[in-house]
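Structure, as structure tokens:
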Amino acid sequence: MDYFVKTIVSLLKEKTSLQEDELEKLIEIPPDLKMGDYAFPCYSLSKTLKKAPNIIATELAKTLPIISPIVEIKAIGPYVNFFVNKATFSEMVLKKVCEERDCYGSGNIGSGRTVVIDYSSPNIAKHLAVHHLRSALIGSAIYNIYKTLGYRCMGINHLGDWGTQFGQLIVAYKKWGSENAHKSYTVTDLNNLYVKFHQEAEKNTALEDEAREWFKKLEAGDSEAKELWQHFKDISLKEFQKIYDMLGIHFDAFIGESFYNTMVEDTVTRIKGKGLTRISEQALIVDLETYSMPPCLLRKKDDATLYATRDIAAAEYRKKTYNFAKMIYVVGSEQKLHFKQVFKVLELMGYGWANHCVHVDFGLMKFKDGKMSTRKGKVVLLEDLLIEAVERIRKIIEEKNPSLENKEAVAKDVGIGAVLFADLSAKRNKDVVFDWDEALNFEGETGPYVQYTHARLCSILRKYGRPVTADIHFELLKEDETIILIKNLWRYPSVILKAAEFYEPSLISNYLIDVCGNLNRFYNAHRVLSDDEELTKARILLVDVTRQVIKNGLHILGMRAPERM
RNA sequence: GCGCCCGUAGCUCAGCUGGAUAGAGCAACGGUUUCCUAAACCGUAGGUCAGACGUUCAAAUCGUCUCGGGCGCACCA
């Protein structure tokens with residue numbers, strides 16, 4: 001618990017009938033600095049005491065003793081407001097950040113516990129498009145958040161690398177692709193083959209049979225089929241990796257659906273063994289009507305297994321392999337029902353850990369006039385968006401800071417960061433309508449704003465050119481703009497915790513915008529470097545500490561923090 | 001039809017485990033640079049928090065219903 005809150009709670013405990021934990025929950029931060037640093041609302045006491053909250057507040061304010069670090073207690077309406085010693089407060093905050101540096105905001109609540117996070121998980125032989133961005137970025141940010149809190153994280157890319165479409169691709173490749181055997185194939189080529197297959201299949205239905213035939217061969221382990229499939233997979237992974245590298249996204253394992261192929265039989269047997277299944281319309285299902293859900297299909301009438309079956313097998317495998325304390329699926333909200341069903345089946349199988357599985361869903365990305373669709377080719381390729389973002393930033397650098405060194409690297413950090421920050425800014429719940437201008441708007445509450453603020457702070461520190469010390473006169477940090485900033489820096493660790501609790505990276509992006517606003521207001525109102533040596537030392541410490549918090553926040557979102565831009 | 005999500009300023013969104021006067025950014029208009037990066041900052045204007053009823057000392061926040069938009073609901077993933 002916060003040292004200041006702790007003191008206030010201990011005071012209140014003496015004069016009220018409430019318990020420590022109740023009091024702690026009630027303590028608030030007043031909306032205005034002038035009202036005080038902490039506040040205790042008296043509404044809940046008015047019931048038991050049968051007095052108006054205003055009167056209780058007045059009485060409490062009179063009777064509570066003033067002990068350090070509290071300097072004043074004042075009733076305002078129904079609130080008892082506490083003022084703490086600003087110098088003590090600043091000293092505590094700034095020294096803490098100064099000591100912890102890159103670790104400020106970290107914790108150990110997760111030590112010894114593993115979290116499995118399933119994110120990105122694209123389909124092989126198709127391009128990564130902008131609507132694939134969200135899963136990757138949200139998942140990656142959650143990975144960083146949990147890691148910061150001391151969890152061991154396993155980031156898994158659950159590739160869509162199995163299914164009849166690979167039979168189709170093999171047929172297309174053999175018919176129209178293999179003559180260029182020496183050509184190095186790209187995902188675009190594979191996509192074209194896939195499209196061509198569908199065009200031709202309309203005229204010639206025999207192609208579909210051929211494709212099914214090849215998929216069967218693939219399932220049976222036919223060496224030619226397997227070799228081609230592996231080839232397609234390699235091509236795709238190479239291209240995916242290029243984009244993951246651009247975005248700075250890391251996975252601990254690429255384990256596609258095909259991997260669980262051999263385990264699915266045992267999984268189905270186990271589910272059957274628990275007496276959970278029955279045959280309905282020739283399909284093998286788990287009836288979930290008691291839980292007001294449609295049935296979970298395990299096997300189609302042609303005996304093939306489904307997505308859900310493989311997900312159940314994968315969950316069993318992951319539990320066995322990683323013994324996770326929590327497993328997080330970062331998948332779009334259109335699959336909510338699917339995961340509810342899968343988790344329910346796991347629960348019915350008797351797995352206590354079923355409720356350690358969470359589906360972190362997010363809103364869809366679509367165009368103004370409708371959905372994005374790989375099948376119809378109605379997509380914006382992720383790579384194009386990233387390249388365009390970097391290109392535009394390059395122009396802005398040319399205009400605003402033409403003498404900058406490393407222009408190329410900075411343009412990359414800022415351009416890609418902008419796309420990333422934009423996607424992580426809104427609560428993940430919300431649908432996103434894709435618009436080029438909006439995606440590439442760099443003004444206001446954006447990634448570049450945060451990075452620019454960081455770069456300015458670095459610039460001041462460079463100009464100062466001496467080591468920063470925490471041995472300063474903390475009472476010099478006294479203006480409103482300064483205090484508001486320091487208060488916000490103090491909040492950072494609790495923001496990380498909340499972001500973890502709600503699986504919500506946007507809490508961090510919003511927090512950074514807030515801190516940067518505080519900083520820029522401070523920056524515009526007060527000079528850091530001046531003839532007053534003591535004041536300069538004090539403000540430079542604040543600058544350095546703010547720089548540190550912004551950097552930590554950017555890193556957790558997966559962004560770079562350039563020192564010049 | 002049933003289920004889930006969303007609806008806050010012209011636009012994009014914070015605020016939602018109830019609490020002090022509903023906040024930002026963009027767009028509009030006006031201002032700030034002999035001074036640490038003006039990718040910044042300040043000011044003006046802009047609101048029936050979709051609507052109704054209810055719970056409560058107190059509702060943008062909780063509940064019920066209505067309207068509007070999105071998604072899902074058996075052999076795709």
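The values are calculated or read from the model by the stated rules, or taken from the named source; none is laboratory data. From a predicted model like this one, the values you see are computed outputs, not experimental measurements. Methodologically, a virtual Cβ is constructed for each residue, glycine included, from the backbone with ideal geometry; neighbour enumeration extends over all protein chains shown. Keep in mind that these areas ignore ligands, DNA and RNA; they rest on the heavy atoms of the full protein, side chains included. Shrake-Rupley method; radii C 1.70, N 1.55, O 1.52, S 1.80 Å.
Note that the stretch A:206-216 has calculated 3J(HN,Hα) couplings of 4, 4, 4, 4, 4, 5, 4, 4, 5, 5, 4 Hz, one per residue in order, obtained from phi through the Karplus relation 6.51 cos²θ - 1.76 cosθ + 1.60 (θ = phi - 60°); glycine and proline are x. Length gained on full extension, A:THR321 to A:ARG491: 57.5 nm, using 0.36 nm per residue less the C-alpha separation. A 1.4 Å probe, protein heavy atoms only, puts the accessible area of A:SER46 near 30 Å². Between 0 and 90 degrees, the angle of helix A:447-464 with respect to the longest Cα principal axis of chain A falls at about 50 degrees. Quote the FRET efficiency, to the nearest 0.05, computed for A:LYS407 versus A:ARG527 with a Förster distance R0 of 35 Å and r equal to the Cβ-Cβ distance. FRET efficiency, A:LYS407 to A:ARG527: 0.75. Helix A:382-400 sits at what angle to the longest principal axis of chain A, using alpha carbons and giving 0 to 90 degrees rounded to 10? For helix A:382-400, the angle is close to 40 degrees. Only beta bridges with both residues in chain A are counted; by DSSP, about 55 percent of them are antiparallel. Take each peptide in A:510-519, A:61-70, A:443-452, A:198-207, count the other Cβ atoms within 10 Å of every residue, and average; sorted highest first, the result is A:510-519, A:443-452, A:61-70, A:198-207. Segment A:LEU381..A:LYS238, full-extension length gain: 49.9 nm, with 0.36 nm per residue of separation and the alpha-carbon distance subtracted.
Note on A:TYR307 and A:LYS395: the model spin-label points, each 7 Å out from Cα along the C-beta direction, lie 3.9 nm apart.
Stokes-Einstein diffusion of the stretch A:3-84 at 37 °C, 0.692 mPa s viscosity, Kirkwood radius from Cα pairs, rounded to a whole number: 265 µm²/s. Between A:LYS34 and A:ALA470, the distance separating the two model label sites (each 7 Å from Cα on the Cα→Cβ line) works out to 3.4 nm. To put it simply, the accessible area of chain A at a 1.4 Å probe is 49 percent carbon and sulfur.
Ranked by the mean number of other Cβ atoms within 10 Å of their residues, highest first, the peptides A:490-503, A:411-424, A:164-177 fall in the order A:411-424, A:164-177, A:490-503. Available extension along the chain between A:THR290 and A:GLU443 is 49.9 nm, counting 0.36 nm per residue and deducting the alpha carbon span. If you plug the beta carbon distance of A:LYS15 and A:GLU501 into 1/(1 + (r/R0)^6) with R0 = 22 Å, you get a FRET efficiency near 0.10. Cross-link list A:LYS34/A:LYS430; A:LYS217/A:LYS272; A:LYS319/A:LYS430; A:LYS95/A:LYS407; A:LYS319/A:LYS340; A:LYS412/A:LYS551: which exceed 25 angstrom alpha carbon to alpha carbon? Table pairs above 25 Å Cα-Cα are A:LYS34/A:LYS430; A:LYS217/A:LYS272; A:LYS319/A:LYS430; A:LYS95/A:LYS407. Other residues whose C-beta falls under 13 angstrom from the C-beta of A:ARG152 contribute a net charge of +2, scoring Lys and Arg +1 and Asp and Glu -1.
Modelled spin labels at A:GLU224 and A:VAL195, positioned 7 Å past Cα toward Cβ, are 2.8 nm from each other. Per-residue ellipticity at 222 nm, computed for chain A from helices alone with -39500 (n - 2.57) per DSSP H run of at least four residues, works out to -17500 deg cm²/dmol. From most to least packed by mean Cβ count within 10 Å, the peptides A:255-268, A:391-404 give A:255-268, A:391-404.
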